[in-house]
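Quick notes on the structure that follows.
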Amino acid sequence: MADTTTDTDQDVILAVTDAALDQVLALRANEADADSLGLRVEITGTAGVEFTYDLSFDPVADADPAAGDSVVHQGDLPVIVPAGSIDRLRGATLDLPRGGGDGLVMRNPNRPNPLAGIELELSGDVAERINQLLDQSVNPALAAHGGFAKLEGVSDDVAYVTMGGGCQGCAVSAVTLREGIEAAILEAIPEITRVVDATDHTAGANPFY
């Protein structure tokens, strides 16, 4: 769905779909001095392989473009992204859940580093170290979403990984692997230069075999 953006000469950090825009504007209408408020979206931390977000209606006058804050009008809604969240929100879209339902959904192509702040002790051959990495860092995070990642094999400098459970068939699971799991494996296992998603997300089969 096309986004309604009036400031076409500005850098849109976070796009808002028309459906989400209607819902946000309806919520803002219940606020005092609604016309002076923008939707402020900030990344506040991480939850496994996903970022956590804070959305609030804040006065547009409180934003500080001189300090790097982004303020871009989308339709009648000013969208405020604090300077510290811009790089991690760039390219994201605020939307409604697919198939209906209450609330808003953030579709963000960016992923946190699963290894940030984690001290890993990996030993053994390449496959053993990848399995330890998945068990200690990646899968505990994916478990919160009912999913898991599994190493299917290693060939030279390539690791073949499948995703199962709640991740298999998920529209964002390929992005999760590419942006999160692959980055973690490449950082922790120098012998690996490429990670291949071997999951058949359509058929539910494993094409690696």
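FYI, it's all coordinate maths here, none of it is from the lab. Since the model is a prediction, treat every value here as computed from it, not as a measurement. Don't worry about glycine lacking a Cβ; one is built from the backbone with ideal geometry, like all the others, and counts go over all protein chains shown.
Brief remarks on what is shown
- Taking amide H atoms as placed 1.01 Å from N in the peptide plane, the amide H of GLY153 lies under 5 Å from those of TYR160, each 5 or more residues away in sequence or on another chain.
- Amide H within-cut-off set for THR46, under 5 Å, with H built and near neighbours excluded: THR52
- Cα gyration tensor shape for the range 14-107, rounded if a/c is under 1.5, else prolate or oblate: oblate
- DSSP bridge analysis restricted to the range 14-107 gives an antiparallel fraction near 80%, rounded to the nearest 5.
- About its Cα centre, the range 14-107 has a charge dipole of approximately 380 debye under the convention of +1 per Lys or Arg Cβ and -1 per Asp or Glu Cβ, with nothing else charged.
- Whole-Hz Karplus values for the range 153-162 come out as x, 10, 10, 6, 9, 10, 9, 9, 10, 10 Hz, taken residue by residue from phi with 6.51 cos²θ - 1.76 cosθ + 1.60 and θ = phi - 60°; glycine and proline positions read x.
- Extension gain from ARG107 to ASP125, taking 0.36 nm per residue of separation minus the Cα-Cα distance: 2.8 nm
- In this structure, the amide hydrogen of GLY38, modeled 1.01 Å from its nitrogen in the peptide plane, lies closer than 5 angstrom to those of ASP58, VAL60, counting only residues at least 5 positions away or on a different chain.
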